[in-house]
Amino acid sequence: LERVVGGCAVVDLSALSPNEPIEQGRMAEAAAHAGRGDIVILKTCWERVHSPMTPEFWTEAPYMTRGASQWLLERGIKAIGYDFPQDFPIRLLLKGETRPFEEYVTHDILLRNGVTMIEYLCNTAALTRERTFLCALPLKIPACDGAPARVIAMEDLPGGAWQRAGGEAVSCQAASGLP
């Protein structure tokens, strides 16, 4: 759990347009506050543009580029959460088209190098700060490489110190997996 519980940089990419690639320069500007050992949430608020129950959610989403993925890897992040289908070839799956693994750039660059991925978060618009405390609690399913998870982000912890939250009231904003 140490890979999916801890300090989190919320990267606001909510101004992205449909089908817009997330390039390295854009990522470097938006995620300058993300550092070594952080969990990162990429906040596009894509579910507000299209419902995950529609084809457009999957076929018109912004998507990560190899350069942006490499930039995040070089920052030394330990985990990343997305609220959109982050790899361009995901949209092609709806047409029955598959692409080589290397074209799924976040999987190829981040996951292959040990960065844990938390996919298809919702309610990220509720996150209002650049930093939060994130807890992703996946189900333990034997012999699987992924699982549904309950994900919560807690803002406004007393003094901003996660370790001092012991029993004190905190304000919580949820960023949970798809319903």
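The values are calculated or read from the model by the stated rules, or taken from the named source; none is laboratory data. Bear in mind the structure is a predicted one, so any value in this text is a computation, not a measurement. Every residue, glycine as well, gets a Cβ built from its backbone with ideal geometry; the counts of neighbours run over all protein chains shown.
Restricting attention to the stretch 26-55, and to residues there that are part of a helix (DSSP H, G or I) and free of Cβ contacts under 8 Å to residues at least 24 places away in the same chain, which single residue is nearest to the chain's Cα centre (by Cα)?
The residue in question is Ala30.
Among Gly166, Gly160, Gly177, which is the only one that is surrounded by fewer than 10 Cβ atoms within 10 Å (Cβ to Cβ), small (Gly, Ala, Ser) and modelled with pLDDT under 95?
Going through Gly166, Gly160, Gly177 in turn, just one is surrounded by fewer than 10 Cβ atoms within 10 Å (Cβ to Cβ), small (Gly, Ala, Ser) and modelled with pLDDT under 95: Gly166.
Across the stretch 100-155, which residue is surrounded by the fewest Cβ atoms within 10 Å (Cβ to Cβ) among those that are β-branched (Val, Ile, Thr) and out of contact with any strand residue (DSSP E or B) (no Cβ under 7 Å at 6 or more places or on another chain)?
The selected residue is Ile141.
Which numbered condition in (1) surrounded by 15 or more Cβ atoms within 10 Å (Cβ to Cβ); (2) at pLDDT below 95; (3) farther than 20 Å from Ala136 by Cα is the only one that Lys95 fails?
Just one mismatch for Lys95, condition (1).
Under the condition of being surrounded by fewer than 18 Cβ atoms within 10 Å (Cβ to Cβ) and out of contact with any strand residue (DSSP E or B) (no Cβ under 6 Å at 6 or more places or on another chain), which residue from the stretch 25-48 is nearest to Glu130 (Cα to Cα)?
Ala32
Could you check Pro148 against (1) modelled with pLDDT of 95 or more; (2) under 15 Å from the mean Cα position of the chain (by Cα); (3) farther than 20 Å from Asn19 by Cβ and say which number it fails?
For Pro148, the exception is condition (1).
Of a type in the set (Lys, Arg) and loosely packed, with under 15 Cβ neighbours inside 10 Å - does that describe any residue in the stretch 55-76?
no
If you check Leu72 against the conditions, is it within 20 Å of Gly146 (Cβ to Cβ), touching a strand residue (DSSP E or B) at 6+ places or on another chain (Cβ under 8 Å), of a type in the set (A, V, I, L, M) and at pLDDT below 95?
In short, no.
Pick from the stretch 94-123 the residues that are of a type in the set (Asp, Glu) and in a helix (DSSP H, G or I): which of them is nearest to Trp71 (Cα to Cα)?
Going through the qualifying residues, I end up with Asp108.
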